Amino acid sequence: MNSKNNDDLTDLVAERTRELELAYADALKLLDDLRKENAARRESEQDLRLLFERLPSGVVVHAADTAVLFANPEALRILGLTLEQMQGKTGTDPAWCFLREDGGPLPLEDYPVNRVLASGESFAGRILGICLPDRAEPNWVQWSAYPQLDENGQISQVIVAFTNITEFKQAEKRLQEKEDRLSKVCLAANDGMWEWDLVTNKVRFDPRYYQMAGYDVDEFPHELAEFTKRVHPDDVEYVMGEAERHLQGTIDRFCVQFRFKNKSGAWQWIQGKGSIVERTPEGVRQRFVGTHRDISELKQVENALRSNYALLQIAGETAKFGGWSVDLVANICTWSDAVADIHDMPRGYAPPVQESISFYAPEWQERITRVFRACSEQGIPYDEEMEILTSKGKRV
């Protein structure tokens, strides 16, 4: 009996020993797995921290009470703070100074971390300004923020990421200032403005553009087709062809004169000017901006002058009466066709002043030189009768 009990005890001890050995092996394996897992976690955390440190965007992690738990170097640079100044700083700290996109002060409840905590929602693509104590101009950022939840579904952390867009905002401000100045110039000149986005193919007409042709502001849509259908059919190809030549770089500036149908249905003469004012970073043309000016009265005067010129040409040919002008800088005479005919010279001939004087008969050259100099230098008019010798030697 004792022998049997001893054998049973021995077997039991052996079984328990094997169980302990197996449990010990399992414990060793579990411990090894934990070591590996911790090492991997530490490596992952180190990689994540290294990523945050090198990230070109700012990242700030807030606790549920809005206290700052972490901020990467780019966040510190944009915010103008040190790591020591950031740690423990809360989202309700009165030292924060944020601005709305329009430049007004941002209310405390609209701070990124406070909006997430109040709503439990994520936000993306928002813009705010950050006032800095040592700078007159703020830093501008585009920010996104989202909550991290614990196992109970409660917000444990809020992560705010933001990108510095200060240079973009400054460029946008400069562009707006230029457009404002251009708008004022156009207003003073009574011109209408148009803008063509070459990337989206959208156009925009300012109020004066409509009013110039008798339309109410925004009476027709801001579309390129609305412009072309109001251009005289005989002028459309010319106008759009000149625009394309400018876009292709064949001509430096776009400048055309064309007929435009106003609200009453009449044709109104317009002078259009414009140029490419903006390109993408890759150099692709982006914005084509220009003006419209009503030149109807100028065209009427031009037509009247053309008619008068035709009459003068007829009178000159009939009465041997012509006219001339002198460019005092270039020292060149411009002769009318009648004057060229009188001198037996080809039409369009433009001699230097001294050559013009040499056509006068020798006895008159001193006289014409004197009165011409008095006229050109002192503004003294003259009315003289003198003789000339034509290129064929005829005395006239």
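Overview of values
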| quantity | calculated |
| --- | --- |
| Output for segment 354-396, where each listed residue is surrounded by 14 or more Cβ atoms within 10 Å (Cβ to Cβ) and under 58 Å from the mean Cα position of the chain (by Cα) | SER356, ILE357, THR369, VAL371, PHE372 |
| Top-ranked residue of segment 189-216 - restricted to ones that are assigned to a helix (DSSP H, G or I) and out of contact with any strand residue (DSSP E or B) (no Cβ under 6 Å at 6 or more places or on another chain), ranked as surrounded by the fewest Cβ atoms within 10 Å (Cβ to Cβ) | ALA189 |
| Subset of segment 239-272 [of a type in the set (Lys, Arg) and either in contact with an Asp or Glu (Cβ under 9 Å, 6 or more places away or on another chain) or not assigned by TED's automatic domain parsing to the domain that holds TYR209 (or both)] | ARG259, LYS263 |
| Filter result (closer than 17 Å to ILE332 by Cβ and either outside the structural domain of ASP327 (by TED's automatic domain parsing) or in a helix (DSSP H, G or I) (or both)) within segment 342-367 | VAL353, GLN354, GLU355, SER356, ILE357, SER358 |
| Which listed residue is in contact with a Pro (Cβ under 8 Å, 6 or more places away or on another chain) and small (Gly, Ala, Ser), from GLY58, GLY80 | GLY80 |
| Filter result for VAL284 (over 17 Å from LEU224 (Cβ atoms), in the same structural domain as GLU195 (by TED's automatic domain parsing), touching a strand residue (DSSP E or B) at 6+ places or on another chain (Cβ under 6 Å) and at pLDDT below 90) | no |
| Residue in segment 111-162 that is surrounded by the fewest Cβ atoms within 10 Å (Cβ to Cβ), counting only those that are part of a loop (DSSP other than H, G, I, E, B) and hydroxyl-bearing (Ser, Thr, Tyr) | SER122 |
| Cross-chain or 6+ apart pairs with Cβ under 9 Å, segment 366-391 first and closer than 20 Å to ILE342 by Cβ, then of a type in the set (Asp, Glu) and not in a helix (DSSP H, G or I) | ARG367/GLU384; ILE368/GLU384; VAL371/GLU384; THR390/ASP344; SER391/ASP344 |
| Residues of segment 114-130 classified as under 20 Å from GLU172 (Cα atoms) and either modelled with pLDDT of 90 or more or touching a helix residue (DSSP H, G or I) at 6+ places or on another chain (Cβ under 8 Å) (or both), total | 5 |
| Members of segment 53-89 that are surrounded by 14 or more Cβ atoms within 10 Å (Cβ to Cβ) and in a loop (DSSP other than H, G, I, E, B) | LEU55, SER57, ALA64, THR66, ALA67, ASN72, GLY80, LEU81, LYS89 |
| Some residue of segment 90-110 being over 22 Å from ALA171 (Cβ atoms), surrounded by fewer than 18 Cβ atoms within 10 Å (Cβ to Cβ), in contact with a strand residue (DSSP E or B) (Cβ under 6 Å, 6 or more places away or on another chain) and modelled with pLDDT under 90 | no |
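Here is a yes/no grid of residues against (1) more than 17 Å from GLU387 (Cβ to Cβ); (2) surrounded by 17 or more Cβ atoms within 10 Å (Cβ to Cβ); (3) within 53 Å of the chain's Cα centre (by Cα):
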residue: TRP324; (1), (2), (3): no, no, yes
residue: ASP327; (1), (2), (3): yes, no, yes
residue: CYS333; (1), (2), (3): yes, yes, yes
residue: VAL339; (1), (2), (3): no, yes, no
residue: HIS343; (1), (2), (3): no, yes, no
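The values are calculated or read from the model by the stated rules, or taken from the named source; none is laboratory data. Source: prediction; values computed, not measured. All Cβ positions, even for glycine, are placed from backbone atoms using ideal geometry, and neighbour counts span all protein chains on display.
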